[in-house]
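Structure, as C-alpha cells:
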Amino acid sequence: MNQSLHQVQKAAGASFSTDSIVPLSFANDTEAIRAAKESVALCDRSNWGLLLVSDDDRASFIHNQTSNDIKTLQPGQGCDTVFLTSTARTLDLATVFATEDALLVLVSPGKVQSLMAWLDRYLFPMDRVQLTDISPKYAIFSLIGANSRDLLGAIGIELPETQPDNHHALVPFQDTEIRVVTGSGLDLPGYTLVVPADAAAGVWSQLQAAGATPIGEAAWERLRVERGRPACDRELTEEYNPLEAGLWYCTSFTKGCYIGQETIARLNTYQGVKQRLWGIKLQSPVACGSDIVVDGKKVGTLTSVSETENEPFGLGYVRVKAGGEGLKVGVGETEGELVAVPFLSHAYV
C-alpha cells in the first residue's frame, strides 16, 4: 500500500473500500466519466499486477502460453494476449510489453499469484526463464480521453501525435523514469504510465494539477461495462474461450502451436463458436447471473451490469443461434436488447 499516494488521493476526495488499494470513488463519478469521454480522466490501476519475465527463453515461453504472437515483438512494442488453458478457456486478458532484456506483463487485479503458479507448471529445468512479481515496485496510472497527450505535454512529456497501440518507452521525468504506454486499457484514447512507487504521489499530483479529473474504481467499472472490456471472474472464466469473448483481435491464427491452439483453430476453421459476448441495453436493473431468454427459452447468461447516464447496461453471453445485434431478450425480471460494444470483435478469418 502506497501511503503517500493515498494521502494525495484522499486530499482530492478519494474514498477506499476495505479490500482495495485504489480509490473506489472521488465522489465525482458522473463528472469523471464525462471527462474520460470528452477530455481526460486519471485512473489509479495499481491493483493490476505486473510480472517481469526475463532470461533468454522469455519470448518463446510466453508465446507458447498465450493467444497472440509474442515472438515477433520488438523492444518498444506490445500487444494484448489471452492466457489459456489446454482446452482454450480463458484465464486472463493481459498486455505484454517487450523491452531490450525482458517482457513486462500487465495482468488483471488479483491474478498475479494464480498466473505465476499456472506458468510455473509449464517451466522445465532447461528453460531459461525467470518469473518475478514486480507489482509492489510500481504504480500503474491510466490517462483516459482525447486530451491525454496534450496533458502529458503540459508536464513536460512530449509524445508523437500518433503511435501504435501498446507502443511504449521509458521517458525521463524529473528525478525518475516513467514507462509511457499508448492506450488507456479501454477502447478510448489515452496512455498508461508505469511509475516507480516512490515517485507515484508526485506524478499523480502533477497530472491532476495539469487538469486530469481523477476517476475511481467504480467509475472505471462502469466504463469497462459500457465499452465492453471483458473482466476476470465475469466474462473471462474457464467456461468461455477468447473467440466467444470477442477477443479475436488478440488471437493469432498463424503463430503455430501454443496451449489451447488446437481448440482455437478448430473453432475458427469450422465456425464453431456457439455463443458470443454482447452488450445489453436493459430496461431496469437486474442481478448478474440472470438468465437471458428468448421465447421462454434460456439462450445465455448476464455476466456484468452497470448503471449509465441513460439506462442500466450489461454484458452477457448469448447463443449464436438465438440471434445477434438488435435481438430483444428477457433478462431476469426485465427486458433488454443486444448491442455491439466497441472493445469486442466477432469474425471468422
Problem set entry | Within the range 115-129, tally of residues that are surrounded by 15 or more Cβ atoms within 10 Å (Cβ to Cβ) and either more than 23 Å from Cys232 (Cβ to Cβ) or of a type outside the set (A, V, I, L, M) (or both) | 2
For this session: Select, from Leu207, Leu193, Leu188, the only residue that is closer than 21 Å to Ala14 by Cα, open to solvent by less than 70 Å² (accessible area, probe 1.4 Å), touching a residue at least 24 places away in the same chain (Cβ under 8 Å) and under 19 Å from the mean Cα position of the chain (by Cα).
Result: Leu193
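Restricting to the range 134-150, give me the number of residues that are closer than 20 Å to Ala199 by Cβ and open to solvent by less than 60 Å² (accessible area, probe 1.4 Å).
So the first thing to find is which residues in the range 134-150 are closer than 20 Å to Ala199 by Cβ, and the list is 134-143, 148.
Next, only the ones that are open to solvent by less than 60 Å² (accessible area, probe 1.4 Å) stay: 134-135, 139-143, 148.
Matching residues across the range 134-150 total 8.
If a residue must be touching a His at 6+ places or on another chain (Cβ under 9 Å) and touching a residue at least 60 places away in the same chain (Cβ under 8 Å), how many such residues does the range 91-113 contain?
Step one: filter the range 91-113 for residues touching a His at 6+ places or on another chain (Cβ under 9 Å), giving 97-99, 104.
Filter once more, so that each one left must be touching a residue at least 60 places away in the same chain (Cβ under 8 Å): 97, 104.
The total comes to 2.
Table: residues versus (1) farther than 30 Å from Asp198 by Cβ; (2) part of a strand (DSSP E or B); (3) touching a helix residue (DSSP H, G or I) at 6+ places or on another chain (Cβ under 6 Å).
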{"residue": "His63", "(1), (2), (3)": "yes, no, no"}
{"residue": "Ile70", "(1), (2), (3)": "yes, no, yes"}
{"residue": "Leu73", "(1), (2), (3)": "no, no, no"}
{"residue": "Asp80", "(1), (2), (3)": "no, yes, yes"}
{"residue": "Leu91", "(1), (2), (3)": "yes, yes, no"}
{"residue": "Leu103", "(1), (2), (3)": "no, yes, yes"}
{"residue": "Leu119", "(1), (2), (3)": "no, no, no"}
{"residue": "Leu123", "(1), (2), (3)": "yes, no, no"}
{"residue": "Leu131", "(1), (2), (3)": "no, yes, yes"}
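Residues being open to solvent by less than 40 Å² (accessible area, probe 1.4 Å) and either under 24 Å from Lys37 (Cβ atoms) or in a strand (DSSP E or B) (or both): count how many of those fall in the range 302-325. Reasoning before the result, please.
Just the residues of the range 302-325 that are open to solvent by less than 40 Å² (accessible area, probe 1.4 Å), to begin with: 302-304, 306, 308, 312-318, 322-324.
From what's left, either under 24 Å from Lys37 (Cβ atoms) or in a strand (DSSP E or B) (or both): 302-304, 306, 308, 312-318.
Of the residues in the range 302-325, 12 are open to solvent by less than 40 Å² (accessible area, probe 1.4 Å) and either under 24 Å from Lys37 (Cβ atoms) or in a strand (DSSP E or B) (or both).
Looking at this structure, is Ser86 outside any strand (DSSP E or B), surrounded by fewer than 21 Cβ atoms within 10 Å (Cβ to Cβ) and in contact with a Leu (Cβ under 9 Å, 6 or more places away or on another chain)? Full working, then the answer.
Numbers: outside any strand (DSSP E or B): yes; surrounded by fewer than 21 Cβ atoms within 10 Å (Cβ to Cβ): yes; in contact with a Leu (Cβ under 9 Å, 6 or more places away or on another chain): no.
Spelling it out, it is not the case that Ser86 is outside any strand (DSSP E or B), surrounded by fewer than 21 Cβ atoms within 10 Å (Cβ to Cβ) and in contact with a Leu (Cβ under 9 Å, 6 or more places away or on another chain).
Scan the range 99-114 for residues that are within 20 Å of the chain's Cα centre (by Cα) and open to solvent by 30 Å² or more (accessible area, probe 1.4 Å) and report the count. Break it down into steps so the answer makes sense when it comes.
Initially, the range 99-114 is screened for residues within 20 Å of the chain's Cα centre (by Cα), giving 103-114.
Subsequent filtering for residues that are open to solvent by 30 Å² or more (accessible area, probe 1.4 Å) retains 109-111, 113-114.
So the count comes out to 5.
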For this session: Scan the range 116-143 and report the pairs whose first residue is over 18 Å from Ala201 (Cα atoms) and whose second residue is part of a strand (DSSP E or B) and small (Gly, Ala, Ser), with Cβ atoms within less than 6 Å and a gap of 6+ or a chain change.
Result: Gln130/Ser54
For this session: All but one of (1) touching a residue at least 12 places away in the same chain (Cβ under 8 Å); (2) surrounded by fewer than 17 Cβ atoms within 10 Å (Cβ to Cβ); (3) farther than 24 Å from Asp187 by Cα; (4) not small (Gly, Ala, Ser) hold for Thr30, so report the exception by its number.
Result: (3)
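The values are calculated or read from the model by the stated rules, or taken from the named source; none is laboratory data. On a predicted model such as this, the values are computed, not experimentally measured, just so you know. A quick note on method: Cβ atoms are made from the backbone with ideal geometry, for glycine too, and the neighbour counts reach across all protein chains shown. Keep in mind that these areas ignore ligands, DNA and RNA; they rest on the heavy atoms of the full protein, side chains included. Shrake-Rupley method; radii C 1.70, N 1.55, O 1.52, S 1.80 Å.
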